[in-house]
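*Asks:* Dropping a structure here in structure tokens format, bear with me for questions.
The values are calculated or read from the model by the stated rules, or taken from the named source; none is laboratory data. What you see is a predicted model, and the numbers here were worked out from it, not measured in a lab. Backbone-built Cβ (ideal geometry, glycine too); neighbour counts: all protein chains shown.
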């Protein structure tokens, strides 16, 4: 049976590549699963419907704002 999850192996060592500031935007996104209770899910679904945004967009913005507030 083939494992379809993302590889957790670190990048090969010895390969030195300089990254520019724009490279972060070009990286392939990594999947993240978040389990929430039904009440929080309903609130998120309501926000998604009223703002016509995806769960991805809402949660990504919220996580960025949270990490910025923590100084991370």
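*Asks:* Against the definition (at pLDDT 90 or above and over 15 Å from the mean Cα position of the chain (by Cα)), how does residue 50 come out, yes or no? Give the steps one after another, and end with the answer.
*Replies:* Values: at pLDDT 90 or above: yes; over 15 Å from the mean Cα position of the chain (by Cα): yes.
When the stated conditions are applied, residue 50 passes them.
Here's the yes/no breakdown for (1) outside any helix (DSSP H, G or I); (2) modelled with pLDDT under 65; (3) surrounded by 10 or more Cβ atoms within 10 Å (Cβ to Cβ):
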{"residue": "2", "(1), (2), (3)": "yes, yes, no"}
{"residue": "10", "(1), (2), (3)": "yes, yes, no"}
{"residue": "14", "(1), (2), (3)": "yes, yes, no"}
{"residue": "29", "(1), (2), (3)": "yes, no, no"}
{"residue": "33", "(1), (2), (3)": "yes, no, no"}
{"residue": "40", "(1), (2), (3)": "no, no, yes"}
{"residue": "56", "(1), (2), (3)": "no, no, yes"}
{"residue": "59", "(1), (2), (3)": "no, no, yes"}
